[in-house]
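The block underneath contains the structure these notes are about, expressed in structure tokens.
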């Protein structure tokens, strides 16, 4: 088993939060930095927080406009439900809201069978994708989170998975949705879905993610909030007071970080020589601001890498992309900006090139005289 070492204390000198959860973590999403951890690499049953991985996998392997037909197997799935009936059809997109807002186990089975042919094959996709993300201590045997001794994750892995999910705008939109109306074929009214994640109403800036409960797992919650451009993910597993624990950890996390400007739009980051141009060089400008959440003691963990040539042949157009600057955290890319030419450079005419050659030759002669 591969374990990730996590800090036993926070990044600042403030007292560590007191919580009831058996396992917990606070992670900053863009960098993956861990601000707090408690038994965060201990394998535990994830219950319905599993559905975060279900959604990510389905977003990447499914098609939003596909029509998903609920099988008898899907319709008879135990536990929390979207109340699908055998043969009922909904779009994949609508199924996603049924999965994340009301934790429909039946909807996860219908989606899994549609994409992979069976829940078992889909669960293999989930596990493989989780490992690619870096959640290497997770294994999924189903799409719903129903108990199975071989179905497990960790607080760290669930935070890592969720942080990855926020790179997808549709993921972010779905998990932040408080209310959604979804068709109910055969009924004279639609489904009114209200998100079971109370954090969306309880916490300022809350924008996700998923609740979970089974007798084996206890009360579980993956929550998230964004303030001042800082996206935090908090996981509490087997918690006596999951809402209070999550609020406490989010509050703690936001005290640990501040936004630090790293690159400003228009910054000159490199000069490139231009061969055969009417001007000898162009300057490369950043096209956007980059601001990174940092703790006071970790500025040396960040670096920038510029990918751009040292010289180019004319012509060059103003605004032409000529490179990229990447911001690295512990040698992992966390942000980037295109680099563009600050001006146009025309290619010299034939006579201009000829004169440059003559002048170069004469200069060489005079230097050696």
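The values are calculated or read from the model by the stated rules, or taken from the named source; none is laboratory data. Keep in mind that this is a model prediction, so the values were computed, not measured. Please note: Cβ atoms are built from the backbone with ideal geometry, for glycine as well, and neighbour counts cover all protein chains shown.
Here is a yes/no grid of residues against (1) farther than 18 Å from residue 98 by Cα; (2) more than 13 Å from the chain's Cα centre (by Cα):
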site: 117; (1), (2): yes, yes
site: 126; (1), (2): yes, yes
site: 146; (1), (2): no, yes
site: 151; (1), (2): yes, yes
site: 158; (1), (2): yes, no
site: 170; (1), (2): no, no
site: 173; (1), (2): no, no
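So, residue 195, is that one over 17 Å from residue 146 (Cα atoms), more than 18 Å from the chain's Cα centre (by Cα) and surrounded by 16 or more Cβ atoms within 10 Å (Cβ to Cβ) or not?
Values: over 17 Å from residue 146 (Cα atoms): yes; more than 18 Å from the chain's Cα centre (by Cα): yes; surrounded by 16 or more Cβ atoms within 10 Å (Cβ to Cβ): yes.
So residue 195 passes the test.
When region 3-47 is examined, which residues are found to be at pLDDT below 95 and under 16 Å from residue 242 (Cα atoms)?
17, 18
Among the strands (runs of 3 or more DSSP E) contained in region 308-348, which hold 2 or more residues that are in the same structural domain as residue 271 (by TED's automatic domain parsing) and farther than 20 Å from residue 263 by Cα?
Numbers: elements: 311-313, 321-329, 332-341.
Strands (runs of 3 or more DSSP E) meeting the threshold: 311-313.
For every residue, the table says whether it meets (1) more than 24 Å from residue 183 (Cβ to Cβ); (2) crowded, with 18+ Cβ neighbours inside 10 Å.
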| site | (1), (2) |
| --- | --- |
| 31 | yes, yes |
| 36 | yes, yes |
| 41 | yes, yes |
| 45 | yes, yes |
| 55 | no, yes |
| 61 | no, no |
| 88 | no, yes |
| 91 | no, no |
| 100 | no, yes |
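Hey, residue 313 hits all of (1) more than 22 Å from the chain's Cα centre (by Cα); (2) surrounded by 15 or more Cβ atoms within 10 Å (Cβ to Cβ) but one; which does it fall short on?
(2)
Is region 216-233 home to any residue that is more than 30 Å from residue 300 (Cα to Cα), in a helix (DSSP H, G or I) and at pLDDT 95 or above?
Checked region 216-233: no residue is more than 30 Å from residue 300 (Cα to Cα), in a helix (DSSP H, G or I) and at pLDDT 95 or above.
Would you check which residues across region 219-246 are touching a helix residue (DSSP H, G or I) at 6+ places or on another chain (Cβ under 8 Å) and surrounded by fewer than 20 Cβ atoms within 10 Å (Cβ to Cβ) and list them?
Once the filter is applied, which keeps residues that are touching a helix residue (DSSP H, G or I) at 6+ places or on another chain (Cβ under 8 Å) and surrounded by fewer than 20 Cβ atoms within 10 Å (Cβ to Cβ), region 219-246 yields 227, 243.
Give the residue, chosen from 271, 255, 211, that is farther than 26 Å from residue 167 by Cβ and either under 24 Å from the mean Cα position of the chain (by Cα) or surrounded by fewer than 21 Cβ atoms within 10 Å (Cβ to Cβ) (or both). So that I can check it myself, show each step before the final result.
Details: 255 fails: farther than 26 Å from residue 167 by Cβ; 211 fails: farther than 26 Å from residue 167 by Cβ.
That would be 271, the only listed residue that is farther than 26 Å from residue 167 by Cβ and either under 24 Å from the mean Cα position of the chain (by Cα) or surrounded by fewer than 21 Cβ atoms within 10 Å (Cβ to Cβ) (or both).
Give the number of residues within region 73-106 that are more than 27 Å from residue 139 (Cβ to Cβ) and out of contact with any helix residue (DSSP H, G or I) (no Cβ under 7 Å at 6 or more places or on another chain).
The number of residues fulfilling the criteria is 8.
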